[in-house]
Amino acid sequence: MTIDPNAATQSFPGPDPGHRRPHPARYLVPALVAAAVAVALGAYGKVHDPAGTAFNLAGFSSTSAVKSWLATVAFAFALVQVVSAFMVYGKLSGPAWAPALHRWSGRIAFLVAVPVAVHCLYALGYQTYSSRVLWHSFLGCFFFGAFSAKMLLLRAERLPGWLLPVVGGLAFAVLTLLWLTSALWFFRTVGVTT
């Protein structure tokens, strides 16, 4: 079959104007905000003189125990987030209320993680005296940057279907590493105490 290069091509349908590619700013703005949040948290943690303590709750033996248990609760709700995300995206069968479970488990995980971050930044700062602490400090700043990007992408339109799960998965992976370098380390070193 031969093709005439001079043939009219007007009969081919053009791209649908409603399905144009998103402007690169849709990706760039969340990425810049994520970077700004991570750098701002790291800079504050580095220049701030650690206070040693930020809060304590009655019934806990130390602020580290409070932080470890709150981090564990946040991690548990993040696990619910992952399972409910698989339900929302149809990878697992789930109840009709899976989207509500996903939203509320995320909200609760974030609300529980904020006091942990405040304690880390205010009481301890951005520390680098050991590789575990250095990674924990870096990942803590990175997590809140990735979380900020995810929240901005939630309301964006015409994004590729893979983008939000990738950013959410990245946030979960970083939160897992944070939990491993803090709460699990505390429970293994000090013991499972309250």
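Points worth noting:
- Protection-proxy order for peptides 156-165, 85-94, each taking the mean of Cβ atoms within 10 Å per residue, highest first: 85-94, 156-165
- C-alpha center-to-center spacing [the stretch 170-194, the stretch 95-142] in angstrom: 11
- Overall dimensions of the stretch 108-185, expressed as equivalent-ellipsoid semi-axes from the Cα gyration tensor (√(5λ), whole Å, largest first), are 26, 13, 11.
- Neighbourhood net charge (14 Å Cβ-Cβ; Lys/Arg +1, Asp/Glu -1) for A113: +3
- FRET efficiency for the A156 to R132 pair, using the beta carbon distance and R₀ = 45 Å, is estimated at 0.80.
- For the pair V114 and H23 in one chain, pulling the backbone fully straight at 0.36 nm per residue adds 29.5 nm over the alpha carbon distance.
- Accessible surface, the stretch 27-129, averaged per residue in Å² (probe 1.4 Å): 57
- For the stretch 72-129, the share of accessible area belonging to carbon and sulfur comes to 74 percent (1.4 Å probe, ligands and nucleic acids excluded).
- Full extension of the chain between K91 and L170 gives 26.6 nm of extra length, using 0.36 nm per residue less the Cα-Cα distance.
The values are calculated or read from the model by the stated rules, or taken from the named source; none is laboratory data. Quick caveat, the model's predicted, so the values are computed rather than measured. Cβ atoms come from the backbone with ideal geometry, glycine included; neighbour counts cover every protein chain shown. Surface accessibility is based on the protein's heavy atoms, side chains included, excluding ligands, DNA and RNA. Shrake-Rupley method; radii C 1.70, N 1.55, O 1.52, S 1.80 Å.
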